Amino acid sequence: MGHIRRTQAGSWQARYRAPDGRERARNFPRKGSAEAFLATVEADKLRGEWTDPRLARITFGEWNAKVQPGRVNLAASTRASDDSVIRSLVLPTFEQALLSAIEPGDVRGWVADLKAEGYSPSTVRRAYTLFRMVLELAVEDRRLARSPCRRITLPKIEQTEKRFLSIEEAEALAEAIRPRFRAFVLCGAYTGLRPGELAALRVDRLDLLRRQLRVEEPLKTPAARRTVSFPAFLAEELAAHLAAYPGEDGYVFTAPEGGRLRLNQFRRRMWYPAVRQSVGEPMRPHDLRHTHVALLIAAGEDPYVVSKRLGHASIRTTYDVYGHLFQGRDEEAANALEVARARSLADSSRTLDGLKVARLNS
């Protein structure tokens, strides 16, 4: 058991023997604080959760530099993006802070500051997630007894309204946009690729004879690497596109002045003028992906197939995002059972009638 003594300086010192057999001490201005600390230490020792306080005397910046190389199985683009978020949003506040000194109040203040500075809720949440991950690794490494990321209120992400085009509207948009990007619109609507995946699509990943394309980059998740089949008319559209606009550097879709397509410029210069001329705003390039899902579901496609075409890691993701589009399928299933039962009973009745006639004739 530990004990408390008064120091010559007038503070109160809590002394205890650590699980490694060494005696340790910590000073407090009040006796009550020393007693509370000692009680916590003894409880942690009993639960096997005691941590050596010296291990937490490392700055967040130093600890982050230690743990980042250990995050394996990350795409290069994901690692670069994560590093950018940590460098620009996390380190300015916590780089020099000792792990042991970071309190929940510090985290709440940091989140509030990011929100006040105008960062979007999704950006704030991503920065917080990366920050929390680094601290949770410190807990796993027994540098911290527990993470300061406790009961932190994060800004809510308002769901962006999705736009679902009909086939006629998708065709109208394809007609309104510059001819160079007609195939881009049709490919988005009939393959469900994300805009970034379309911009990164290379000619050698396109098989017009088999009517398939391979998504290799950028990979949002491992499941995003996939092969997607497309209809015959789209193979003809893509063949005409490549004949008219041979891909530079191997890309299927390129900028008007040549080189890889930059989505920000594409949206501003080509996309929004065509949207205003045809289907009307709001309409984002990503809504072509939503349109693809709506067309598949309207055609009665299986949710598992939808999930695989989209590159979702789980069919649950598909239901979470597009579940409302499946409304009415339950009634359709019940009606299908009604038809199947009636057909089966009719077939059975005809079979019995045939047997009766055969017996009478014999």
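Listing for the model above:
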| read-out | value |
| --- | --- |
| Distant-in-sequence amide H partners of Arg226 (H built 1.01 Å from N, under 5 Å) | Val215 |
| Unit charges at the beta carbon, dipole of the chain: most positive-side option, Leu209, Ser84, Val339 | Ser84 |
| Cα point-scatterer Debye curve for the stretch 60-140, base-10 log of I(q)/I(0) at q = 0.19, 0.24, 0.25 Å⁻¹ | -0.84, -1.30, -1.39 |
| HN-Hα J in Hz across the stretch 81-96 - Karplus 6.51, -1.76, 1.60, θ = phi - 60°, x for Gly and Pro | 5, 4, 4, 5, 5, 5, 5, 8, 10, 9, 4, x, 9, 10, 4, 9 |
| Efficiency of FRET between Arg262 and Ala101 - r from beta-carbon atoms, R0 56 angstrom, step 0.05 | 0.85 |
| Long-range HN-HN contacts of Val279 with modeled amide H, under 5 Å | none |
| Measure of compaction for the stretch 167-326 (Cα Rg per 2.2 N^0.38 Å) | 0.99 |
| Residues whose placed amide H lies under 5 Å from that of Arg202, excluding near-sequence neighbours | Val252 |
| Aspartates and glutamates whose Cα lies under 18 Å from that of Lys156, excluding same-chain neighbours fewer than 8 positions away | Asp113, Glu117, Asp320 |
| Fraction in percent of alpha-carbon pairs per bin - 10 Å, the chain | 4, 16, 20, 18, 14, 10, 9, 6, 2, 1, 0, 0, 0 |
| Proximal aspartates and glutamates to Lys115, defined as alpha-carbon separation beneath 17 angstrom and excluding residues fewer than eight positions away on the same chain | Asp106, Glu158 |
| In Hz, Karplus ³J(HN,Hα) per residue of the stretch 208-224 (6.51, -1.76, 1.60; θ = phi - 60°; x = Gly, Pro) | 6, 5, 7, 6, 9, 9, 10, 9, 10, 7, x, 9, 5, 9, x, 5, 5 |
| Chain lengthening between Thr59 and Arg211 when straightened (0.36 nm per residue, less Cα-Cα) | 49.3 nm |
| Residue-wise HN-Hα coupling along the stretch 228-235, computed from phi with Karplus coefficients 6.51, -1.76, 1.60 (Hz; x: Gly, Pro) | 10, 8, 9, x, 4, 4, 6, 4 |
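Each reported figure results from applying straightforward, stated rules to the coordinates on display, with no laboratory input. Quick caveat: nothing in here was measured; it's all calculated off a predicted structure. Here the Cβ is made from the backbone with ideal geometry for all residues, glycine too, and neighbour counts use every protein chain on show.
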